[in-house]
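Input: a single structure, listed below in structure tokens.
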């Protein structure tokens, strides 16, 4: 059966109703897409895809007139003369460029930008109300072509795990997820949601759930890290330095000590997990690398010594070089705290210059956007900044495919269109190697061989 018009043939769907319990929730959700029917079998499809141009995520050049054969959700063959078994549907994308489903290694998929204007929204709403706001983000992210993400922190512990489980069970659409459960942070640090003066009587989310990762000293951090692993974390996230979007934090100043960072890294690696270390400041970047972090989030004020240290230790830089534009425009319109706006100005251009130098020095850089600072689903806007600041289009694409997959230790399942990996594939009209911005308008998305989006 030929799907010549990219129709959604044979998709199994269920309706999903998102209840917005309060007017504040409704207002906060106004900019996110409505939830559409979800694919019930997100990793079991069988399909042959004819690609006019194919970027496989690994090769340095694109290939022409390729067929990708997916059986039972996995890629079994790729080439110019692949035999399609009888009964397997064919999707004709001969007028499009096919790529692997893309990865974003720094997202907050349960959150939305509007919450940044007033952090008291977190205790005021229940976890279910927050989850209702966040669920559309899964659909928006997936339909933007990002079939795999790391969720590296939610203020309400466990929301990311709950969303991942809903996605994996087919209840809602969304990407494959690694989840951190919450932030590991010092008291009053960038991941601490203790809000002075907030009346406990008005809280609908328990303080314990808002501060599950707060610790002080190596022993406490080690215990909290073990707790998060027991809770189901598949990546750990610690706040090594001050944050831009946190009251009172100084981005360039350390918050965790080297001993605390080392304790968390030891727990992560004992359980076969990666440690993502939020570190803006040059000192914290180097301390986190030497302590055993696997990726450095933001790295806004990293210096050349830090870049070379990351390269020497095989640590990937996870630099969110787009969202500073959103903060300075939309964040300003939304009334975000003046402190946040100023710290964003202080770090955005410095980070972009550091990004350029990291590219020049050959450091590993993964695609990572801090989605939720801007609306989830706009992830691909970062590609243009990465190319403007020194990457070739192919480098930028690979940062969001094979390079990102390796950094999250999922390079046996995602990040490339090669046999053995999931049938996660996206397609666009045009050539992203000639114009990287075409990735901002993905036309076709497959997840596990199932057609999720087709225009």
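The values are calculated or read from the model by the stated rules, or taken from the named source; none is laboratory data. Note that this is a predicted model, so its numbers are computed, not measured. Cβ atoms come from the backbone with ideal geometry, glycine included; neighbour counts cover every protein chain shown.
Suppose the filter is assigned to a loop (DSSP other than H, G, I, E, B), surrounded by fewer than 18 Cβ atoms within 10 Å (Cβ to Cβ) and either touching a helix residue (DSSP H, G or I) at 6+ places or on another chain (Cβ under 8 Å) or assigned by TED's automatic domain parsing to the domain that holds residue 274 (or both); does residue 335 pass it? Show your work before the answer.
Values: assigned to a loop (DSSP other than H, G, I, E, B): yes; surrounded by fewer than 18 Cβ atoms within 10 Å (Cβ to Cβ): yes; either touching a helix residue (DSSP H, G or I) at 6+ places or on another chain (Cβ under 8 Å) or assigned by TED's automatic domain parsing to the domain that holds residue 274 (or both): yes.
So residue 335 passes the test.
Would you mind stating whether residue 384 is touching a helix residue (DSSP H, G or I) at 6+ places or on another chain (Cβ under 9 Å) and in the same structural domain as residue 437 (by TED's automatic domain parsing)? So that I can check it myself, show each step before the final result.
On the way: touching a helix residue (DSSP H, G or I) at 6+ places or on another chain (Cβ under 9 Å): yes; in the same structural domain as residue 437 (by TED's automatic domain parsing): no.
Here the answer is no, as residue 384 does not meet what is asked.
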Checklist entry - Taking segment 145-165 as the search range and keeping residues that are in contact with a strand residue (DSSP E or B) (Cβ under 8 Å, 6 or more places away or on another chain) and within 18 Å of residue 373 (Cα to Cα), which one is surrounded by the fewest Cβ atoms within 10 Å (Cβ to Cβ)? => result 152
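Any idea which of 427, 400 is outside the structural domain of residue 60 (by TED's automatic domain parsing), touching a strand residue (DSSP E or B) at 6+ places or on another chain (Cβ under 6 Å) and surrounded by 22 or more Cβ atoms within 10 Å (Cβ to Cβ)? Before the answer, list the steps.
Working: 427 fails: outside the structural domain of residue 60 (by TED's automatic domain parsing).
Answer to the selection: 400.
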Item to check | Breaking point among (1) over 29 Å from residue 65 (Cβ atoms); (2) touching a helix residue (DSSP H, G or I) at 6+ places or on another chain (Cβ under 8 Å); (3) buried (at least 24 other Cβ atoms within 10 Å of the Cβ), for residue 136 | outcome: (2)
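Output yes when any residue across segment 352-362 is within 13 Å of the chain's Cα centre (by Cα) and more than 22 Å from residue 435 (Cβ to Cβ), and no when none is. Break it down stepwise before answering.
So in segment 352-362, the residues within 13 Å of the chain's Cα centre (by Cα) come out as none.
Looking for residues that are within 13 Å of the chain's Cα centre (by Cα) and more than 22 Å from residue 435 (Cβ to Cβ), one finds none in segment 352-362, hence no.
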Checklist outcome for this item: Considering segment 353-375, residues that are assigned to a helix (DSSP H, G or I) and touching a helix residue (DSSP H, G or I) at 6+ places or on another chain (Cβ under 7 Å), and then whichever is surrounded by the fewest Cβ atoms within 10 Å (Cβ to Cβ), we arrive at 361
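Look at segment 95-116 and say how many of its residues are surrounded by fewer than 15 Cβ atoms within 10 Å (Cβ to Cβ) and either touching a helix residue (DSSP H, G or I) at 6+ places or on another chain (Cβ under 8 Å) or part of a helix (DSSP H, G or I) (or both).
Step one: list which residues in segment 95-116 are surrounded by fewer than 15 Cβ atoms within 10 Å (Cβ to Cβ), which gives 95.
Remaining after also requiring either touching a helix residue (DSSP H, G or I) at 6+ places or on another chain (Cβ under 8 Å) or part of a helix (DSSP H, G or I) (or both): none.
Adding up the residues that qualify gives 0.
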Checklist entry - Among the residues of segment 435-449, is there at least one that is touching a helix residue (DSSP H, G or I) at 6+ places or on another chain (Cβ under 7 Å), closer than 14 Å to residue 47 by Cα and not in a helix (DSSP H, G or I)? => result yes
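Residue by residue through segment 376-411, note down the ones that are in a loop (DSSP other than H, G, I, E, B), under 17 Å from the mean Cα position of the chain (by Cα) and closer than 15 Å to residue 321 by Cα. Give the steps one after another, and end with the answer.
Narrowing segment 376-411 to residues in a loop (DSSP other than H, G, I, E, B): 376-378, 389-392, 400-401, 408-411.
Pick out the ones that are also under 17 Å from the mean Cα position of the chain (by Cα) and you get 376-378, 400-401, 408-411.
378, 400, listed by residue number.
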Checklist entry - What about residue 92, is it out of contact with any helix residue (DSSP H, G or I) (no Cβ under 8 Å at 6 or more places or on another chain), in the same structural domain as residue 323 (by TED's automatic domain parsing) and at pLDDT 95 or above? => result no
Next on the checklist: Taking the criterion of being at pLDDT below 95 and assigned by TED's automatic domain parsing to the domain that holds residue 146, would at least one residue in segment 238-247 satisfy it?
Outcome noted: yes
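Does residue 76 meet the test of being part of a strand (DSSP E or B) and within 18 Å of residue 448 (Cα to Cα)?
Working: part of a strand (DSSP E or B): yes; within 18 Å of residue 448 (Cα to Cα): yes.
It is true that residue 76 is part of a strand (DSSP E or B) and within 18 Å of residue 448 (Cα to Cα).
Any residue at all in segment 258-273 that's closer than 20 Å to residue 340 by Cα and either in the same structural domain as residue 151 (by TED's automatic domain parsing) or at pLDDT 95 or above (or both)?
The first filter runs over segment 258-273 and keeps only residues closer than 20 Å to residue 340 by Cα, leaving none.
No, that holds for no residue.
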Item to check | In segment 318-332, the residues that are more than 14 Å from residue 385 (Cβ to Cβ), surrounded by fewer than 23 Cβ atoms within 10 Å (Cβ to Cβ) and touching a residue at least 60 places away in the same chain (Cβ under 8 Å) | outcome: 330
Checklist entry - Looking at segment 224-234, is at least one residue over 28 Å from residue 346 (Cβ atoms) and modelled with pLDDT under 95? => result no
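Residue check: is residue 346 over 26 Å from residue 62 (Cα atoms), modelled with pLDDT of 95 or more, assigned by TED's automatic domain parsing to the domain that holds residue 304 and touching a helix residue (DSSP H, G or I) at 6+ places or on another chain (Cβ under 6 Å)? First the steps, then the outcome.
Working: over 26 Å from residue 62 (Cα atoms): yes; modelled with pLDDT of 95 or more: yes; assigned by TED's automatic domain parsing to the domain that holds residue 304: yes; touching a helix residue (DSSP H, G or I) at 6+ places or on another chain (Cβ under 6 Å): no.
Against the criterion (over 26 Å from residue 62 (Cα atoms), modelled with pLDDT of 95 or more, assigned by TED's automatic domain parsing to the domain that holds residue 304 and touching a helix residue (DSSP H, G or I) at 6+ places or on another chain (Cβ under 6 Å)), residue 346 does not qualify.
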